[in-house]
Amino acid sequence: MLTISQLVAFPIFDGIPRDIMDRIGQAAQALDYEANAVIFREGQEASHLYGVMKGEVELSILFRDRVMRADVQYEDYVRKHVEIIEKEIVIEDLGPGEIFSWSALSAPHRLTSTATCCRPTRVFALEASRLKAVLAQAPAVGYLFMQRVSEIIARRLRNRTDKLLESWYEAFEVENV
């Protein structure tokens, strides 16, 4: 369980009435991770909203590319095969006061990135189904909260697009599209 004083450190909870904050805090728990610990992996089911209380969390995606390789053996024999090359791309570094795993709040409830602790880190884990139940009882607060979540999603989508374009430019050695 988290206290209201712990939750108010997160801008997403700014202006939410104390009684609702208390119920949200009851649905949350603090978790401690060592450096390099993976909180979750891209593609897993998303059931909790997380927030960085102390430390730093890195969000990354795994970019997969299929490459055709040809091995020439002797002049008349060529062996072709497809290799899958994987490259991890860091999308964002999150610090105290920032939330992640918004996928827990919307279908299909699959995580869109991997979350790794850069150093010893404390996060809160807030069960999404309980959060949605609390917000459903106060629609105006739920609207405000989800509006803030959508702003976070939009910013992360812009960052992800920028990082992917940057990687594409590097891979094909071009300056712009």
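If only one of Phe63, Phe100, Phe10, Phe40 is of a type in the set (Phe, Trp, Tyr) and open to solvent by 60 Å² or more (accessible area, probe 1.4 Å), which one is it?
Phe63
Looking only at residues that are over 21 Å from His109 (Cβ atoms) and within 18 Å of the chain's Cα centre (by Cα) in the stretch 121-154, which one is least open to solvent (accessible area, probe 1.4 Å)?
Among them, the one singled out is Thr121.
Within the stretch 50-81, track down each residue that is modelled with pLDDT of 75 or more and among the β-branched types (Val, Ile, Thr).
Once the filter is applied, which keeps residues that are modelled with pLDDT of 75 or more and among the β-branched types (Val, Ile, Thr), the stretch 50-81 yields Val52, Val57, Ile61.
May I ask you to list the residues in the stretch 86-128 that are free of Cβ contacts under 8 Å to residues at least 40 places away in the same chain and not in a loop (DSSP other than H, G, I, E, B)?
Those that are free of Cβ contacts under 8 Å to residues at least 40 places away in the same chain and not in a loop (DSSP other than H, G, I, E, B): Glu86, Glu88, Asp93.
Does at least one position in the stretch 35-49 carry a residue that is more than 16 Å from the chain's Cα centre (by Cα) and modelled with pLDDT of 95 or more?
yes
Which count do you get for residues in the stretch 155-177 that are exposed (fewer than 11 other Cβ atoms within 10 Å of the Cβ), over 19 Å from the mean Cα position of the chain (by Cα) and assigned to a helix (DSSP H, G or I)?
2
Do you know which residues across the stretch 41-68 are within 17 Å of Ile89 (Cβ to Cβ) and either in contact (Cβ under 8 Å) with a residue 60 or more places away in the chain or of a type in the set (Asp, Glu) (or both)?
Across the stretch 41-68, the qualifying residues are Arg41, Glu42, Gly43, Val57, Glu58, Leu59, Ile61, Phe63, Asp65.
The values are calculated or read from the model by the stated rules, or taken from the named source; none is laboratory data. These numbers were taken from a predicted model, which means no experiment stands behind them. In this analysis, Cβ positions are derived from the backbone assuming ideal geometry, glycine residues included, and neighbour counts consider all displayed protein chains. SASA here: full protein model, heavy atoms, side chains in, ligands and nucleic acids out. Shrake-Rupley method; radii C 1.70, N 1.55, O 1.52, S 1.80 Å.
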